[in-house]
Amino acid sequence: LIDINPENAVDYNNRGLMHFRNNQFAEAITDLDRAIELNPKLDSAYNNRANYHAAVGDLAAAIADYDIALDLNPANVRAWINQGITFRELGLYDLALEDFDIAFIIGRKLQGRILAERGRTYHLRGDWNCASNDYHRALTQLSTASNSRNYLNKVNNWLNELLNPVNF
């Protein structure tokens, strides 16, 4: 597609995402930067580039790109979730929880994931009652999704860690 239309930012963004998922980070960032150069209003490219920055440990750059993605499209649920995870990684639990709450309000299709990530944030912050509640709600939501088996296992592990801290 890029050979046919080398000025299409969406195609660079999509290829950059595929490179990222294949751990081809140099190729990913090149394509994501090109997508943004071609279309500086493409929120998904900023979200994907932020994910790249988070993966390589540049959390400040990740937050900056998530902010741009959300400025461009406040309904980008994935950007809210990803930014929340990044805030959590930085130990900024209150900011993470705010992002998950916004995502929960606008993201009907990803509520199981949002509840799980919010639960993890409560868990790490030490609010075990809220964590347990969100984990259980997430498991209920995720159990009906056909493509969430790996994520369901992850949430079960988090819940077991919460309920049996001595064993971990």
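The values are calculated or read from the model by the stated rules, or taken from the named source; none is laboratory data. Note that the structure is a prediction, hence the values are computed from the model and not measured. Ligands, DNA and RNA are stripped out before the accessible areas are found, and what is left, the full protein with its side chains, is counted by its heavy atoms. Shrake-Rupley method; radii C 1.70, N 1.55, O 1.52, S 1.80 Å.
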At 1.4 Å probe size, with no ligands or nucleic acids counted, give the accessible surface of Thr86 in Å², nearest ten. 10 Å²
Rank these by accessible area, largest first, 1.4 Å probe: Lys109, Lys154. Lys109, Lys154
Could you tell me the accessible area of Val56 in Å² (1.4 Å probe, neighbours in place), rounded to the nearest ten? 80 Å²
Specify the angular offset, from 0 to 90 degrees and rounded to the nearest 10, of the alpha carbon long axis of helix 93-106 from the longest principal axis of the alpha carbons in the chain. 70 degrees
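How much area per residue is accessible in the chain when the probe is 1.4 Å and only protein heavy atoms are counted (Å²)? If you can, show how the numbers build up before the last one.
Numbers: 9190 Å² over 168 residues.
Roughly 55 Å² per residue, with all protein chains present.
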If DNA, RNA and ligands are ignored and the probe is 1.4 Å, what is the ranking of Asp65, Asp127 by accessible area, most exposed first? Asp127, Asp65
I'd like the orientation of helix 128-142 relative to the chain: the angle between its Cα long axis and the longest Cα principal axis, in ° from 0 to 90, rounded to 10. 60 degrees
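Can you work out D for the range 14-61 in µm² s⁻¹ from Stokes-Einstein, where Rh is the Kirkwood radius over C-alpha pairs, the temperature is 4 °C and the viscosity is 1.567 mPa s?
It diffuses with D of about 125 µm²/s by this estimate.
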With every protein chain in place, the chain: carbon and sulfur % of accessible area (1.4 Å): 50 percent
Compute from the Cα atoms of the range 129-168 the Rg and the Dmax, the latter being the longest Cα-Cα distance, and quote both in angstrom. 10.5, 32
Option label - mean projected area of the Cα convex hull in nm² computed here, alternatives (i) 8.4; (ii) 15.2; (iii) 10.4: (iii)
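Using just the helices of the chain, give the 222 nm mean residue ellipticity in deg cm²/dmol: DSSP H runs with n ≥ 4 each add -39,500 (n - 2.57), and the total is spread over all residues, rounded to 500.
That calculation yields -24000 deg cm²/dmol at 222 nm.
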Cα axis of helix 149-163 to longest principal axis of the chain: angle in degrees, 0 to 90, nearest 10? 40 degrees
